[in-house]
């Protein structure tokens, strides 16, 4: 896929992102046209797969099940992507006969279905987590995903009787889109990087931000991949998380011990001065 996108951005016309201007090239506003650009180009490759927005995918999957709350809830519990992609509001919308809306906390911005039959093979999907970056704008590495959410997700998966088999079905890829906005040309993609979550070399992980929703922060282009199986990745993530957490707690302990000590000294000093 990375090779296909490398060919795409060689074409001056195909690398242009429609609907993205200098004025709205920020955050969520920039993300939507870039995701549409990815979707359009993936559909044009001609591979035997379908590309969906997450809410479009859920609309199709839920429709195959029917408006039966028990069956819908069972699907959400058993599909490997259920806990990462579905909100209560979306279930309520579908059961109420409404079109399913978006879910900001979904773990994927696009869904690739590579099966033949959506009813029987709804687990044959790849979640694409898209991160875009304006190359002329300095910024910290983007939030990739909550480390806590990932650990809880894997715990729920591996706690099932078919945990190993279910884990083998999980596919989450990160897509880094690096673009510029050129006067007279508009937004143009200059680089595309794709990484498989389970191949990430966690020894190169820059940081987990425990002060901001416990987010893993990492530029996709800086991610390194290594050879490892999915169980090894989960184990390394768990070990790395708890090691960083302990260091974080130690640093906070020192900080707040010092603050409390200094405050107590100030209280003592103020009390003594009140008697003079």
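The values are calculated or read from the model by the stated rules, or taken from the named source; none is laboratory data. None of these values were measured; they are calculated from a predicted model. In this analysis, Cβ positions are derived from the backbone assuming ideal geometry, glycine residues included, and neighbour counts consider all displayed protein chains.
Is it true that residue 181 is buried (at least 16 other Cβ atoms within 10 Å of the Cβ), part of a strand (DSSP E or B) and either free of Cβ contacts under 8 Å to residues at least 24 places away in the same chain or over 18 Å from the mean Cα position of the chain (by Cα) (or both)? Before the answer, list the steps.
Values: buried (at least 16 other Cβ atoms within 10 Å of the Cβ): yes; part of a strand (DSSP E or B): yes; either free of Cβ contacts under 8 Å to residues at least 24 places away in the same chain or over 18 Å from the mean Cα position of the chain (by Cα) (or both): yes.
Yes; evaluated as a whole, the condition is true for this residue.
When segment 123-153 is filtered for residues that are under 22 Å from residue 194 (Cβ atoms) and in a helix (DSSP H, G or I), the ones remaining, listed by number, are 147, 149, 150, 153.
Select from segment 156-178 the residues that are over 19 Å from the mean Cα position of the chain (by Cα) and touching a residue at least 40 places away in the same chain (Cβ under 8 Å) and list them in ascending order. Step through it out loud before you land on a result.
In the first step, residues of segment 156-178 are kept if they are over 19 Å from the mean Cα position of the chain (by Cα); the result is 158-166.
Listed by number, the residues that qualify are 158, 164, 166.
With respect to the conditions (1) surrounded by fewer than 16 Cβ atoms within 10 Å (Cβ to Cβ); (2) outside any helix (DSSP H, G or I), residue 258 falls short on a single one, namely (2). Taking residues in segment 52-69 that are more than 21 Å from residue 107 (Cα to Cα), and partners anywhere that are assigned to a loop (DSSP other than H, G, I, E, B), the pairs with Cβ atoms closer than 9 Å and at least 6 places apart or on different chains are 64/118; 64/119; 64/122; 65/119; 67/96; 67/97. Pairs linking a residue in segment 198-210 that is under 21 Å from residue 126 (Cα atoms) to a residue that is at pLDDT 95 or above and surrounded by fewer than 15 Cβ atoms within 10 Å (Cβ to Cβ), with Cβ atoms under 7 Å and 6 or more positions apart or on different chains, are 199/225; 199/226; 200/225; 201/224; 201/225; 201/226. Residue 88 fulfils the conditions (1) within 24 Å of residue 57 (Cα to Cα); (2) surrounded by 20 or more Cβ atoms within 10 Å (Cβ to Cβ) except for a single criterion, (2).
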